[in-house]
Amino acid sequence: MSFGLTEQAINSAYILDPESGTGMSQDHQFLAQSIAERYPNVRLAQVPLNVRDKREEFPFALTDALTGAVLKELRENECNIRFVYQWLYEHDTAARGVKAVYDKFQADKAAKAKIKNDAILEKRNENLDIFHTIARSPLHTFKHGDRKVG
């Protein structure tokens, strides 16, 4: 039975490191090489395949080459040239200027805080509605939405 890939194609899809016993796909290897050439202070890192479990949320990361600090954690579907280079350009102070990058960082931070606060407010309002419904009800058990309260 053939699935369209030969054994040689499958074996050549990963570049293996015999010292660590791990491998990296050629696409990720080429992306890592491209990033290192364009941005000498940034590296693409991955959680090794033999250590990674299926629920690993961020198996890849962009790291600082000098300190090893994580700059951006990447999901599997984000580890592609379009997403990575867009993120790098948006955070490139040489290309965009320090003020523009800092303003975008502050705007992103404020947007995340607003989403978090809106979720907390929504949950609080839902609980307050349940409390008011219970306080006004003469019944001792009743349904509120899909929840049975009694």
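Read-outs: derived from the displayed coordinates by stated rules, not from any lab. Just so we're clear, the structure is a prediction, and the values are computed from it rather than from any experiment. Cβ sites come from the backbone with ideal geometry, for glycine too, and all protein chains shown count toward neighbours.
Quick notes
- Alpha-carbon centroids, region 100-148 and region 29-51: separation in whole Å: 40
- Residue-wise HN-Hα couplings along region 86-97, as the Karplus relation 6.51 cos²θ - 1.76 cosθ + 1.60 with θ = phi - 60° gives them from phi, are 5, 5, 4, 5, 5, 10, 8, 5, 5, 7, 10, x Hz; Gly and Pro carry x.
- Seen from Asn41, the other residues with C-beta closer than 15 Å to its C-beta sum to a net charge of 0, counting Lys and Arg as +1 and Asp and Glu as -1.
- Qualifying lysines (Cα of each under 30 Å from Cα of Lys109; at least 8 residues distant if same chain): Lys54, Lys72, Lys99, Lys123
- The phi torsions of region 121-128, fed into the Karplus equation with coefficients 6.51, -1.76 and 1.60 and a -60° offset, translate into couplings of 5, 4, 5, 4, 5, 5, 5, 5 Hz, rounded to whole numbers, with Gly and Pro shown as x.
- Amide H partners (placed H, <5 Å) of Ala65, local residues excluded: Val42, Arg43
- A Cα-only calculation for region 105-149 places Rg and Dmax at 16.1, 52 Å.
- A DSSP coil position with no more than 10 other Cβ atoms inside 10 Å describes the following GluC sites (Glu not before Pro) in region 32-75: Glu57.
- Note, ³J(HN,Hα) from phi for region 54-69, Karplus 6.51, -1.76, 1.60, rounded to Hz, x at Gly and Pro: 5, 8, 4, 6, 10, x, 10, 7, 9, 10, 6, 5, 7, 9, x, 5
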